[in-house]
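Take a look at the structure below.
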Amino acid sequence: MSKHRIMAAIAFAFVASLSPIRPAAATWLGLSDGTYDVTLHCTFSSFSFCPIDFGGSVTISGNGVSAMNFVVTTDFFNGDPADKTVDNSPASIYEASILFTSPLAFLQLDFDTVGLTHPDLGARWWNECANFGDGTQDVCDPDTIGYWSATAVGASVPEPTSLVLIGVGLAGVIWCRLRAIFTAAKE
């Protein structure tokens, strides 16, 4: 191996060492970090006529939802929900983000992490309840359930580090090749 190729390889390795090592992106509800427009597709309701869709948004940050913003039936859900993993092995293991509001209402988004999907709703389902308890008996009336879908907000930004490394590597190869040509021409 020539001295120039060794120098190009060292330069390439140096530039590669400057690029940050990024950990694998965390996911929650099957979504990576970011903000998503979410559509709640209603399949049953004791309050609204289904099928009907409700819109909103969620922000995934780390291993959970950091912001949830929805209007479902007549309830407003806006805030930082509680996130939990529910283990009903072997039937299912699912992630749930639940936001409680007053008076006594909640919205819960669920995602089945093991692929044992809900027979009617799939791997992503949701539930909204307006009155979930009176202190003596838990009730959910009115109750609205369905499945949900999400679309990332805005365009994703390509990773520039890979492009820089490829460019530096090509520049090193071209530089070595041109230097060899000019050295040969001088002799």
_Can you tell me the length gained on complete extension of the stretch ASP33 to THR101, counting 0.36 nm per residue apart and subtracting the Cα distance?_
22.0 nm
*asked:* Just to be sure I understand the model, the point goes 7 Å from the Cα along the line to the Cβ. What's the resulting ASN63 to ILE166 distance in nm?
replied: 3.4
*Net charge near GLU95, counting Lys/Arg +1 and Asp/Glu -1 over other residues with Cβ under 12 Å of its Cβ?*
-2
*asked:* Which of PHE47, PHE111 has the fewest other C-beta atoms within 10 Å, and how do the rest follow up to the most?
replied: PHE47, PHE111
*Using a simple spin-label model with points 7 Å from Cα along the Cα→Cβ vector, what separation in nm is obtained for PHE76 and PHE182?*
6.9
*Per-selection Rg to Rh, segment 33-152 - Cα, Kirkwood hydrodynamic radius*: 0.95
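Read the figures in this text as sums done on the coordinates, not as results from a lab. Here the structure is a predicted model, which is why all the values come from computation and not from measurement. All Cβ positions, glycine included, derive from the backbone under ideal geometry; neighbour counts span all protein chains shown.
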